[in-house]
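None of the figures in this text is laboratory data; all of them are computed from the coordinates on show. These numbers were taken from a predicted model, which means no experiment stands behind them. Every residue, glycine among them, receives a Cβ derived from its backbone with ideal geometry; neighbour counts consider all protein chains shown.
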Amino acid sequence: MKIKNLLDLPHTRSYLTRVGAEPRSLKAAVVKEIHGSYWKDLGIIRFTKAGVITCTNVEHSPTDREVQDIAAEFATVQWPELKPLSRLVNPPPEIAEADPKKVFIFRNEEGLIVLVHLRVADDQGKYRPWTYWDDGEWRMCEPDGPLPLYNAHLLKDAGVVFIHEGAKAAHHIQWLIEQKTPEAKKAFIEHPWGQELSGAVHIGWIGGALSPYRTDWSILKKAGIKRAYIVADNDEPGRSAVPAISQQINMVTFSVQFTDEFPSSFDLADPFPDSMFGKILDSGRHYIGPQFRDCLHPATWATNLIPNPKGKPTPVLRDSFRNMWAYIEEADIFVCTEMPDIIRSEAILNKHLAAFSHVAETSRLIVKAYRGRAARICYRPDHEGLMVTFQGSSAINLHIPSSIKPGQGSPDPWLEYLNYMFVNKAERKEVERWCATLIARPDIRMGYGLLLISERQGIGKTTLGAHILAPLVGVQNVGYPSENDIVSSFNAWMAGKRLVIVNEIYSGSSWKAYNSLKSVITDRDIEVNQKYIRQYKIENWCHVLACSNSLRALKMENDDRRWYYPEITEIPWPKNKFIEFRKWVEQGGLGIIKKWAMDYNDYVAPSDRAPMTERKTDMIEGSRSDAQKEASALAALLNDKKEPAALLMKEIIGWVKHAVEGRVFDNDFELRRAMIETGAYCWPKRIKCAGHPQYVIMNETLRDKVSRVDEPEALVLIRESIVKPQELMAESM
């Protein structure tokens, strides 16, 4: 008896109907539970050629009478065998007449056809399986045994695969990356993730997101595949399949998880939403949606269970997982070696890995695996790669570059914004250099920060920092501390950062904040003090952009080299200009700014000091105490004298106390420094005058005169040139 389907056998059909099963292949049937457009296998029923029946669920077992009747029925059947084809032979009308874009041909490792999937347009995108048998018949059923992978015939020379849910996405992306036609080349260039998807084979698993165990995953190991990216559809059933597949394939695995910005059930054969593209008139569409890496997550299955005849199986780390996570003893943290921006404490890591491990505390196995080897971390924006040499040993580089790619187009809106913000042309040029260096040269650590102060709000300081520089540096490389954070003992906000944005530096504690920021700008290393994590040392690559609406934002010293303080406008742009500019930035302008920065060339050198500006000079003057200002005024009068003149420090202090009505909180060193910064000179040693040793401040004329004689004669000249503060004041009137 020749059959096309199990339902051709009356007793078998009656049994399957009773238990609610439907044929899946010539010797298998399934009881399904429908979940929306997905299904879950509740039980699988398999038959041998002799009619022996096995069920995964005892509830679906046949009665004794059904067993006898089915065995007798099977004895009359002539069982065909699946016949692989080199090409389609006499396909059924459903396939022959179908749109070729809806026909997906599955080939085995030898390139022979083992299955044809037909996408049924009027059935919610479901597929019908067709197989060819050695009796010359096409049957609408699956092959017996595990399901094949789409594009399995391309695995021979591959090392990396993308595993898509279904054949549609795998077919489309493989067509795109091969670029064999003009249409494919155009699609590749325009695809937001084209570069990341290339260099791999794209395969598809079938049989439903809830049943990944039905697939023959062993072919990946046979082909020597070392790394896999699972791209499930954007829904919960698809995401739930990731751990199950990862456990089956036993290799370094990542999942590509679409965010809520993508439509439900989205896959990579679907066009990216229009909302993810900005349009700039002179340069066309720009992708502004999530980057590939933004959607990437580690998904390697962690453990194997080794049977133990005397008790429970013993969990051990898989080789593919062993090097995915490193325990950093100096900080008592765990770092993902492939994606080092993912740093976890022990408790969080165990929760993170719960879906990919047989045990609840995978961290213990990781620590055990790293015993005897020192895993270190560093932050080196000047080095590419995940593993670099640091202090004589290898270390995990925590720096992750920005995912924004350079874009073509005119940077005029960006330059117009800078022209509006920074009113002094020469100072604007220095701001350009600072921004271009920060964006395009992660290997350069500039020696000074940028200080933006305007008394009026809404000028656009936040736009520059948070909306332009931050994404171009990479959001993971940016910290946003408050003034309280800056003066706190905890400093995690600067660890592993290239840019620190302080939106309001002044709220009454400016001296303390300024002193704290000195080390942020200048120190080469920092001791990271973070809550619940052991302190550790790491390189400091911070650049500070500090903003304020107060002209008393910082207390700045005369020899300060840590801040560039340009003048910025106090007249806000019209609202429509800001809206227009922000729209340009969000719709592709960031990529254009990055290209501008990469082409800039006139970058700040690590040894460059912050150029002086009028604003900075005013701030230095405003940073002095009343006593220092009086001392500085005396120094200016002293310098005005054409003839040699000197002031005794004791009389300077007396004059200053009188001038400020006794409110002197400065020591004589601070007063001397204020006078020297104003242009006066101090004899390097105390000399005995008016009965006791004291310092003497002199003008340039006297300094030049004493520099040409030996010390005894110089002391005589100094004593002869001493004047009183009152005399200087009288002469100035």
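Pair-distance distribution P(r) for segment 80-157, from all Cα-Cα distances in 5 Å bins starting at 0: 3, 16, 26, 26, 17, 9, 2, 0 percent.
Please report, to two decimal places, log10 I(q)/I(0) for segment 42-111 at q = 0.14 Å⁻¹ as given by the Debye formula with identical point scatterers on the Cα atoms and no solvent. The Cα Debye sum returns log10 ratios of -0.74. Report note on the peptides 73-80, 588-595, 652-659, 238-245: ranked by the mean count of other C-beta atoms within 10 Å, highest first, their order is 588-595, 238-245, 652-659, 73-80. As a rough footprinting exposure proxy, the listed residues PHE292, PHE321, PHE390, PHE669 were ranked by other beta carbons within 10 Å of their own, and the order from fewest upward is PHE669, PHE292, PHE390, PHE321.
Starting from the Cα gyration tensor of segment 328-430, take the square roots of the eigenvalues, sort them a ≥ b ≥ c, and report rounded, prolate or oblate (rounded when a/c is under 1.5, otherwise prolate if a/b is larger than b/c, else oblate). Prolate is the answer for segment 328-430, as a/c is 1.5 or above and a/b outweighs b/c. Each Cα pair under 8 Å and six or more residues apart adds its sequence gap; the mean of these over the residue count of segment 93-139 is a relative contact order of 24 percent. Taking packing as the residue-averaged number of other Cβ atoms within 10 angstrom, the listed peptides 436-446, 717-727 run from highest to lowest as 436-446, 717-727. When each of the peptides 151-162, 468-479 is scored by the mean number of other C-beta atoms lying within 10 Å of its residues, the order from highest to lowest reads 468-479, 151-162. Projected onto their three principal axes, the Cα atoms of segment 303-375 cover extents of 40, 27, 20 Å, largest first.
Pairs with C-alpha atoms separated by more than 29 Å, drawn from the list LYS156/LYS186; LYS429/LYS583; LYS497/LYS595; LYS279/LYS594; LYS27/LYS226; LYS168/LYS222, are LYS27/LYS226.
Looking at the square roots a ≥ b ≥ c of the eigenvalues of the Cα gyration tensor of segment 656-696, which shape do they give, rounded for a/c under 1.5, prolate if a/b is larger than b/c, or oblate?
On the way: a/c = 2.39, a/b = 1.29, b/c = 1.86.
The shape class here is oblate.
DSSP beta bridges confined to the chain are antiparallel in about 65 percent of cases. Centre-to-centre separation between the Cα atoms of segment 1-39 and those of segment 379-411: 56 Å. Amide H contacts under 5 Å for THR300: THR253, restricted to partners 5 or more places along the chain or on a different chain, H placed in the peptide plane at 1.01 Å from N.
Which shape class applies to segment 1-95: rounded if a/c is under 1.5, otherwise prolate when a/b exceeds b/c and oblate if not, where a ≥ b ≥ c are the square roots of the Cα gyration tensor eigenvalues?
Oblate is the answer for segment 1-95, as a/c is 1.5 or above yet b/c matches or exceeds a/b.
Each Cα pair under 8 Å and six or more residues apart adds its separation to the average, and for segment 32-77 the resulting relative contact order is 29 percent.
Expressed in Å, the radius of gyration and Dmax of the Cα atoms of segment 412-618 are 16.4, 49.
Per-residue ellipticity at 222 nm for the chain, helices alone: DSSP H runs ≥ 4 residues times -39500 (n - 2.57), over residue total, nearest 500 deg cm²/dmol?
Mean residue ellipticity, 222 nm, calculated: -8500 deg cm²/dmol.
The HN-Hα couplings worked out from phi for segment 144-150 by the Karplus form 6.51 cos²θ - 1.76 cosθ + 1.60 (θ = phi - 60°) are 5, x, x, 7, x, 9, 5 Hz, whole numbers, x standing for Gly and Pro.
When only C-alpha pairs under 8 Å and at least 6 residues apart count, what is the relative contact order of the chain, in percent? After rounding, I find 8 percent. Over the chain, the ratio between the Cα radius of gyration and 2.2 N^0.38 Å evaluates to 1.39.
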